[in-house]
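Taking it in order: structure first as C-alpha cells, then the write-up.
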Amino acid sequence: MSTVRVLLVDDQPLLRTGFRLILEAESDIAVVGEAGEGATAVDLTRSLMPDVVLMDIRMPGVDGIEATRRIVREGAATHDPRVLILTTFDLDEYVIEAVRAGASGFLLKDSPPEDLVTAIRIVAAGDAIVAPSVTRRLLDKFATRLPSVRESTPPPGLDTLTEREREVLRHVARGLSNAEIAAELVVSETTVKTHVGNVLAKLRLRDRVQAVVYAYETGMSQPGQSG
C-alpha cells in the first residue's frame, strides 16, 4: 500500500504535535509538513504535494475556508489534494462554507485517534467523510441558511436522475453509509455504490459531502427529516 502524505494545518502547535504523534504511529501515513495559518498551507501544498490536508477552520490571516478554496482550485490542475476539515460544534456554520469550498469531509477535533486515522485513509482513497452524527446536526441547524432553489427551475442534472437515484441521494443526505442504504432498499452494497457514482457524475458533484449539501439546497431533504 502506498504511503498517504499528510499536511497538518492548525494554529495551535500543541494540537499539531498531537496529530503528528497519532499519524506517525501508522505505517502507511507520513506527515510531510505543518502550517499554522492558511497562506502557508497553500504554499506547502504546492511544494510538498500532500495527498491529504488536515485543515483547521479558524486561523489568523487566511482562514481554513479560503485556504481550502485555493488548494482545491490549484490542485485540480496538479495532484488533486483532498482537504479534511477539523471542527468543533462551536464552529458548525463554517463547515458548510468549507464544504462549498471543496473540502472532502469534516471531523470533530475531539474524535478518537482511530477515527482520525480512518478518515484520512478514506479521504485519501477518493471517498468522503460524512459522519451521520455530525452531518445531521450541521445541516439541520444551518440548512435554513442555505439558498433554496425550490421556487425556481430545477438545477442542471436533477431531471436526469432516475427515481431510484433520487431515493439514494435522499438517503445519502441523511448521512447513511452504502451498507445502511443497501439495507434500507434491500439491494446489494455494490448496487448502491453504482447509484451513488451515477448521482455524483450526473450532478457533477465532487463527492458525497457535496451531495449532502446539494440535497438540502434543492429541497430534496429538509431540516429534521428522517426519511
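The values are calculated or read from the model by the stated rules, or taken from the named source; none is laboratory data. What you see is a predicted model, and the numbers here were worked out from it, not measured in a lab. When we count neighbours, we look across all protein chains shown, and the Cβ atoms used for this are built from the backbone with ideal geometry, even at glycine. All accessible areas refer to the heavy atoms of the entire protein, side chains included, with ligands and DNA or RNA removed. Shrake-Rupley method; radii C 1.70, N 1.55, O 1.52, S 1.80 Å.
Quick look at the numbers
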| quantity | calculated |
| --- | --- |
| Boolean, Ser47 is within 13 Å of the chain's Cα centre (by Cα), of a type in the set (Ser, Thr, Tyr) and either open to solvent by less than 20 Å² (accessible area, probe 1.4 Å) or over 24 Å from Ser177 (Cβ atoms) (or both) | no |
| Matching residues, region 22-59, being part of a loop (DSSP other than H, G, I, E, B) and free of Cβ contacts under 8 Å to residues at least 60 places away in the same chain | Glu24, Ala25, Ser27, Gly36, Glu37, Met49, Pro50, Ile57, Arg58, Met59 |
| Val72 hydrophobic (A, V, I, L, M, F, W, C) and at pLDDT below 95 | yes |
| Flag if Pro156 is of a type outside the set (Ser, Thr, Tyr), at pLDDT 55 or above, loosely packed, with under 12 Cβ neighbours inside 10 Å and farther than 23 Å from Thr88 by Cβ | yes |
| Residues located in region 107-136, provided they are modelled with pLDDT under 80 and within 18 Å of Glu180 (Cβ to Cβ) | Asp127, Ala128, Ile129, Val130, Ala131, Pro132, Ser133, Val134, Thr135, Arg136 |
| Matching residues, region 165-180, being in contact with an Asp or Glu (Cβ under 8 Å, 6 or more places away or on another chain) and under 18 Å from Met220 (Cα atoms) | His171, Leu176 |
| Matching helices (runs of 4 or more DSSP H) fully within region 159-207 where at least 3 residues are within 17 Å of the chain's Cα centre (by Cα) | 163-173, 189-203 |
| Subset of region 1-20 (residues that are more than 11 Å from Gly33 (Cα to Cα) and open to solvent by less than 50 Å² (accessible area, probe 1.4 Å)) | Val4, Asp10, Gly18, Phe19 |
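To keep it simple, each residue is scored yes or no on (1) closer than 20 Å to Val99 by Cα; (2) in contact with a Lys or Arg (Cβ under 7 Å, 6 or more places away or on another chain); (3) open to solvent by less than 20 Å² (accessible area, probe 1.4 Å).
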| position | (1), (2), (3) |
| --- | --- |
| Glu184 | no, no, no |
| Ser188 | no, no, no |
| Thr191 | no, no, no |
| His195 | no, yes, no |
| Asn198 | no, no, no |
| Arg204 | yes, no, no |
| Arg208 | yes, no, no |
| Val212 | yes, no, yes |
| Met220 | yes, yes, no |
